[in-house]
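Report on the following structure.
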Amino acid sequence: MTSFEALLATRTRHMEASAIREILKVATSPGVVSLAGGLPAEESFPLELMEQLTGSVLAKYGAKALQYDASEGFGPLREALVGHLAARGVYTEAAGIVVFSGSQGVLDALGKILISPGDIIAVEAPTYLGALQAFNPYEPEYVQIDSDDDGLIPEALERVLTTQRVKLVYVVPTFQNPTGRTMPLGRRQAVAAILERHGTLLVEDDPYSDLRYTGERLPPIKTFAPGNVAYVSTLSKTFAPGLRIGFCVAPEVIQQWMVIARQGVDLHTSTLGQALAAEYITGGYLERQIPRIVELYRPRQQAMLEALARHLPEDFRWTHPEGGMFVWVEGPRGLDAERLYGKTVARGVAFVPGKFFYVRQADGISTLRMNFTAADPETIDRAVGVIGGVIAEELGAGER
């Protein structure tokens with residue numbers, strides 16, 4: 001049999017299967033309770049609306065909803081997103097919005113048009129693994145920006161931009177994946193001022209800001225430095241991830257090149273999916289659905305926080321997010337979360353070892369990410385109890 005390994009492009013050396021996706025293969029096995037994936041609860045999907053939305057779309061647009069369409073996005077959806085974004089503090093016209101196949105498609109397009117081999121990308125520590133996977137094939141170097149319980153530290157960003165030739169900065173400032181942390185208003189304003197002073201581009205990834213359980217909504221960094229931010233978001237968490245609706249508001253020249261780049265990939269996002277999303281927004285369904293999703297997730301998050309306090313040893317600490325989908329747990333020095341994962345999976349519970357969210361994986365050996373949206377409160381408590389039991393065994397074995 002002929003082997004085609006020699007035909008592979010050199011960039012494949014920088015591509016690897018998602019560690020989280022591989023974990024999810026195990027986590028979705030029968031009998032396994034998954035606190036691993038960033039999966040919305042299936043109960044959050046508006047199943048009861050889908051037949052009505054589909055009928056409305058076909059009646060309104062006919063065959064156009066099934067036809068090829070503009071690479072920039074389906075016109076009615078771009079128009080609908082103008083008000084949706086304005087409510088967040090992102091002000092643009094429909095022409096300033098480009099729709100992609102999920103926010104992951106946005107990140108890949110940005111990497112394709114901006115990153116040359118050896119370019120330096122500044123990221124939080126830890127950061128979203130999916131962004132690293134989108135950027136890695138374009139062969140960048142990474143520099144980590146220090147963060148604390150309030151997210152990225154502006155002074156650390158200033159140091160990085162002063163001492164390094166950074167091509168772009170990537171952050172998730174609201175309910176960050178993986179930590180759940182949120183950057184406060186003052187830091188957002190400080191970061192915006194730093195970006196403008198250095199003439200630096202920031203990629204602001206904002207998939208979770210509608211999932212707020214306590215506190216007040218914060219404006220995106222894009223609000224304070226509109227010319228220096230490519231703002232990325234999605235409807236995956238508030239409509240249906242399977243429709244793959246992501247979108248971006250970027251400086252004009254970047255937007256133009258993103259459209260050109262995606263034309264060689266998929267021409268455009270599914271027209272039918274975009275039309276459904278347009279009807280979902282303009283019909284007021286999204287506005288009514290978000291509070292229902294929040295009420296579904298709020299007790300699940302509370303159950304996780306209470307379970308962590310009940311089942312984990314005193315030398316563990318974890319975040320207390322005001323929203324989003326994740327809680328970040330930090331164990332004591334000497335804890336190997338990947339080893340812990342292997343033992344908890346054997347007992348039917350999965351999470352994600354935190355090291356995969358670091359550029360330098362050794363920095364995250366004793367950390368883990370836990371998702372609370374895809375399980376009910378009772379299941380969450382039982383699963384965290386299993387994790388706590390294995391931790392007690394591991395730490396007890398280390399003391400002998």
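Things worth noting here:
- Condition met for G331 (in contact (Cβ under 8 Å) with a residue 60 or more places away in the chain, in contact with a strand residue (DSSP E or B) (Cβ under 8 Å, 6 or more places away or on another chain), more than 30 Å from E141 (Cα to Cα) and not β-branched (V, I, T)): no
- Test: residue in the range 204-222 that is assigned to a helix (DSSP H, G or I) and modelled with pLDDT of 95 or more: yes
- Elements of the type helices (runs of 4 or more DSSP H) sitting completely within the range 102-201 and holding at least 2 residues that are among the small types (G, A, S): these cover 102-114, 129-135, 185-198.
- For Y68, the conditions (1) more than 22 Å from the chain's Cα centre (by Cα); (2) assigned to a helix (DSSP H, G or I) all hold with the exception of (2).
- Of all the listed residues (R310, R333, R300), the sole one being touching a Phe, Trp or Tyr at 6+ places or on another chain (Cβ under 7 Å), among the basic types (K, R) and not assigned by TED's automatic domain parsing to the domain that holds H84 is R300.
- Whichever residue in the range 39-69 is of a type in the set (G, A, S) and in contact with a helix residue (DSSP H, G or I) (Cβ under 8 Å, 6 or more places away or on another chain) and, among such residues, is surrounded by the fewest Cβ atoms within 10 Å (Cβ to Cβ): A41
- Test for V345: is it buried (at least 16 other Cβ atoms within 10 Å of the Cβ) and more than 25 Å from the chain's Cα centre (by Cα): no
- Residue match in the range 291-306 (condition: assigned to a strand (DSSP E or B) and surrounded by fewer than 20 Cβ atoms within 10 Å (Cβ to Cβ)): no
- Among the residues making up the range 297-326, those that are aliphatic (A, V, I, L, M) and in contact (Cβ under 8 Å) with a residue 24 or more places away in the chain are A303, M304, A307, L308, L312, M325.
The values are calculated or read from the model by the stated rules, or taken from the named source; none is laboratory data. Given the structure is predicted, the values throughout are model-derived calculations rather than measurements. Glycine also receives a Cβ, built like all others from the backbone with ideal geometry; neighbour counts cover every protein chain displayed.
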